[in-house]
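Taking it in order: structure first as structure tokens, then the write-up.
None of the figures in this text is laboratory data; all of them are computed from the coordinates on show. Bear in mind that the values here come from a model prediction, so they are computed numbers and not experimental data. Please note: Cβ atoms are built from the backbone with ideal geometry, for glycine as well, and neighbour counts cover all protein chains shown.
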Amino acid sequence: MKIIAPSLLAADFGKLKQEIEMVNQSQADWLHLDIMDGVFVPNISFGMPVLEMIQKYSTKILDVHLMIVQPERYLNEFQRLGANVITVHYETCTHLHRTLQQIKDLGCKAGIALNPHTPVSVLSDVLYLADLVCLMSVNPGFGGQKFIENTYKKTKELKKMITELKTNTQIEIDGGVNADNISLLSEAGADVLVAGNFVFKSETPLQVIQELKNKICYCNF
Ligand code: DX5
Ligand code: ZN
């Protein structure tokens, strides 16, 4: 089963509860939550009090994407606030092996995100600990950016690595995902497709989520 994960960053925060309820009613499987600290990325998004409300109203798997330095300081807190998947950036973790282990010890799925400039080859010695690898298809920090085409190549490389190393890792694509690129991305090996602006800025988000889901390709590459 492949997964659509709307990114709440693009939602209207003036009506957050309705936006979460829209996702609850939709064909989406996960809800993607972007946590930004203004240090690792040039933007600050939202934090604990907002997550508390999201946990209260959402019925979906909470996919927490930490774009923060020293993420290990907050793992317990994110788990307490309902995170099912916790993804940390490769670029922020000096002791990535330990951090992944800590996430798993909390009972969460552990994810590693890679910036567009970071090659998938850096993952070879930790892939067995990663339930998910998030390939950033834009530079992290903002929604609504243009999809970076090199992501297709990285997705195929990562899929090959996962097959060779026989791990159960899911591939997530984050940034600029829309109805035009979702088929090719899933064909290349993507399992989880994050979409922010394409869903929330549409007049008909429920139909858009359905459209994305219908365009997912299940063929092997
Ligand atoms: C970017 C975030 C993404 C973003 C996706 O830093 O990690 O999750 O919200 O938004 P769109 O789909 O609008 O590019
Ligand atoms: Zn994200």
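Show me, for region 138-144, the HN-Hα J-couplings you get by feeding each phi into the Karplus relation (A = 6.51, B = -1.76, C = 1.60, θ = phi - 60°), rounded to Hz, glycine and proline as x.
For region 138-144, the Karplus-derived couplings read 9, 6, x, x, 8, x, x Hz, x marking Gly and Pro.
Under 14 Å from a point placed 7 Å out from the Cα of GLN25 along the Cα-to-Cβ direction: which residues of region 172-214 have their backbone N that close?
204-210
Local charge sum around GLY141 (other residues, Cβ-Cβ under 14 Å, Lys/Arg +1, Asp/Glu -1)?
-3
Between region 42-119 and region 176-221, what is the separation of their alpha carbon centroids in Å?
When both Cα centres are located, 23 Å separates them.
Taking 0.36 nm per residue of sequence separation and subtracting the Cα-Cα distance, how much length would be gained by fully extending the chain between VAL39 and ASP125, in nm to one decimal?
My answer for the length gained is 28.2 nm.
When only Cα pairs under 8 Å and 6 or more residues apart are kept, what is the percent relative contact order across region 1-121?
Reported as a whole number, the value is 20 percent.
Kirkwood-based Rg over Rh for region 3-215 (C-alpha set), two decimals?
0.93
Restricting things to alpha carbons, find the Rg to Rh ratio for region 29-88 using the Kirkwood radius for Rh. Working shown, then result.
Working: Rg = 10.8 Å, Rh = 11.5 Å.
Here Rg/Rh amounts to 0.94.
Size of the dipole of region 3-215 about the Cα centre, Lys and Arg at +1 and Asp and Glu at -1 on the beta carbon, nothing else charged, in debye to 20? Kindly include the intermediate steps, with their values, before the conclusion.
Working: 19 positive and 24 negative charges, 38 e Å.
It comes to approximately 180 debye.
Helix-derived [θ] at 222 nm for the chain: sum -39500 (n - 2.57) over DSSP H runs of at least 4, divide by residue count, nearest 500?
Calculated from helices alone, the mean residue ellipticity at 222 nm is -9500 deg cm²/dmol.
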